[in-house]
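Asks: Questions regarding the structure given below will be posed in turn.
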Amino acid sequence: MNRLSILLITLAVLGLGAAQAGVVDAAGHEARVRVVHASPDGPAVDVLVDDSVAFSNATFKGVTDYATLEAQGYNVKVVPSGATEPVVIDADLTLEGGMDYTVVAVGELANIEPLVLVDNNAAPAAGKAHVRFVHASPDAPAVDIVVANGGPVLFSDVSFKGTGDYTPVDAGSYDLDVRLAGTDTVALSVPGVKLDEGTVYTVFAMGLAGGEPALTAVASADAAHGMSAPKTLPKTGAANNAMLMLMVAGAVLIGVGAFRRRYEAVRA
């Protein structure tokens, strides 16, 4: 176990309850959160919330469903995947409701950190889908996302930890190229990306441009309006949120001391 555990305790606090598709409770009484594991060398862990497994065997490229929770306090523990002990983190934290969030574990293990995104799951216009891009490859340069074979640039000059705003596109199937920003050099081809009408998506660039696991694109569906939710992975969202980032920092401060003591005890 390592700093990913400290990160995932924060993610778990935000992600209790049963997975659901849709948008946040309009009255603001609940929050919905999911976790994206984009750390290419991060280990697998389980996260316990009030002693029940909230996220199981979170591994690289995994995107959880949304979890819905009331605004209240929760106890969160982090354990090795498939085990109940040692409990390397044990913390009581409180969350306010009202929004959809995606929290992405980004960076290689030595420099792992949370990227907190606020999701916009509003319905696209008739005949449209919404798509956004998240650059989560720690060693890849800034990129453009382009429709292949002379198509338009959807997102331009997005660097590591950067996001491209939700963009309306005609529903259909697209071949996409990930190109070095401002050039015609294709770093990754992503053929056959199907975007359904009324659905909100995110495409994550994950992995390593110069190593293993190799650079890849992971598409997720955030919300589907007026139809059954797509079978692809769920999606991520918008800009950093100051309040949530304070919670992230608080969780780390609460957990880091206990983590270090227990981790050293386990290693001994």
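Asks: Arranged from highest to lowest average of other beta-carbon atoms within 10 Å per residue, in what order do the peptides 185-194, 200-209, 59-68 appear?
Replies: Result, highest mean Cβ count within 10 Å first: 200-209, 59-68, 185-194.
Asks: Distance in nm between label sites at Thr59 and Thr185, each 7 Å beyond Cα in the beta-carbon direction?
Replies: The two pseudo-label positions are separated by 3.3 nm.
Asks: What aspartates and glutamates sit close enough to Lys194 to cross-link, taking a C-alpha to C-alpha distance under 18 Å and skipping anything fewer than 8 places away on the same chain?
Replies: Answer for Lys194, where 18 Å is the Cα cut-off: Asp170, Asp175, Asp177, Asp222, listed by chain and number.
Asks: Compute from the Cα atoms of the stretch 128-224 the Rg and the Dmax, the latter being the longest Cα-Cα distance, and quote both in angstrom.
Replies: Looking at the stretch 128-224, its Cα Rg and Dmax stand at 12.5, 37 Å.
Read the figures in this text as sums done on the coordinates, not as results from a lab. Please read all numbers here as calculations on a predicted model, not as lab measurements. Cβ atoms come from the backbone with ideal geometry, glycine included; neighbour counts cover every protein chain shown.
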